[in-house]
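So the structure is just underneath, and the comments pick up after that.
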Amino acid sequence: MEASSLWGTMILPWIIRIAIALVIFYVGRIVVKMIVGFVEKMMRARAMDEILIKFLSSILRWVLLLFVAIAALSQLGIDTTSLVALLGAAGLAIGLSLQGSLGNFAAGVLLIIFRPFTKGDFVEAGGASGVVDNISIFTTTLRTPDNREVIVPNGAILGNNITNFSALPTRRVDMVFGISYDDDIRKAKALLEEIIAADERILAEPAPVVALGELADSSVNFLVRPWVNAADYWAVLWDTTTAVKLKFDEEGITIPYPQMDVHLGKEG
């Protein structure tokens, strides 16, 4: 009878409680997954940024799972009020010890809200440059032109200047070409204008600039500043540099080396 009584009053109720708690936790996870999936679908229907969708979905998932865990623990007879207070105190202690991480978290939230860049943009931020692959809660992942992955803390990005090379559809290509003081500057300018006019990738508006910019120590420097679509920036820069060198060689225009004239005189 004692064993039967123990089974009926202690063991069986606890087995039932544990079973119900496991069911709550299991079913709760399924419900959370369904809710998060529905919210993601609604955000995509509103054409929201994919990074923003993942960020908000991650936060929502963890918050809902916390509620599910509390509900499962309450079924076991645990005082969840005390547990919530304990979690709050633990959160405060962890927050004080992880101020840097929380700063990165806050920076991640601000990056998502204000969106100075988005996935696929080429940026220079936090001491690194590359294409934005992902913005997570604490870090931003960039992919460099030589295919390296750089993970930058969000705090470092938000605390420094951010240069977004993909934000605007067009960019100006700034180039400087030097010729010798003995060369004909009118001929050199005409050749540069001819090269710029022959490139179909260069935009007519804003009009490209070819101007004599500086009488330097060893050369006469021309400023060449055409406007192009952002995607054509590097190709135009490299192709124009090559074309100028070939054209100047063909026409006898000299691109001088740095030099210094030294005059020696005899004493007395």
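Every listed requirement among (1) more than 35 Å from the chain's Cα centre (by Cα); (2) modelled with pLDDT of 85 or more is met by Arg29 save one, (1).
Put simply, of Glu194, Glu124, Glu149 the only residue that is under 23 Å from Pro226 (Cβ atoms) and outside the structural domain of Lys245 (by TED's automatic domain parsing) is Glu124. Kindly evaluate Val176 against the criterion of being within 30 Å of Ala128 (Cβ to Cβ) and surrounded by 15 or more Cβ atoms within 10 Å (Cβ to Cβ). For Val176, the condition - within 30 Å of Ala128 (Cβ to Cβ) and surrounded by 15 or more Cβ atoms within 10 Å (Cβ to Cβ) - is not met. Please verify whether Glu40 is at pLDDT 80 or above and acidic (Asp, Glu), treating the condition exactly as stated. Yes.
Is there a residue being of a type outside the set (S, T, N, Q) and closer than 30 Å to Asp133 by Cα anywhere in region 238-249? Before you say what the answer is, go through the steps one by one.
Quick first cut of region 238-249, residues of a type outside the set (S, T, N, Q) only: 238-239, 243-249.
Going one step further and asking which of them are closer than 30 Å to Asp133 by Cα, we end up with 238-239.
Yes, region 238-249 contains at least one residue that is of a type outside the set (S, T, N, Q) and closer than 30 Å to Asp133 by Cα.
Can you say whether Val224 is more than 20 Å from Tyr257 (Cα to Cα), assigned to a strand (DSSP E or B) and touching a residue at least 24 places away in the same chain (Cβ under 8 Å), as far as the supplied structure shows? So Val224 fails the test. Taking the listed residues Asp184, Asp239, Asp217, the one that is surrounded by fewer than 18 Cβ atoms within 10 Å (Cβ to Cβ) and under 26 Å from Asp121 (Cα atoms) is Asp239, with no other qualifying.
The values are calculated or read from the model by the stated rules, or taken from the named source; none is laboratory data. Please read all numbers here as calculations on a predicted model, not as lab measurements. In this analysis, Cβ positions are derived from the backbone assuming ideal geometry, glycine residues included, and neighbour counts consider all displayed protein chains.
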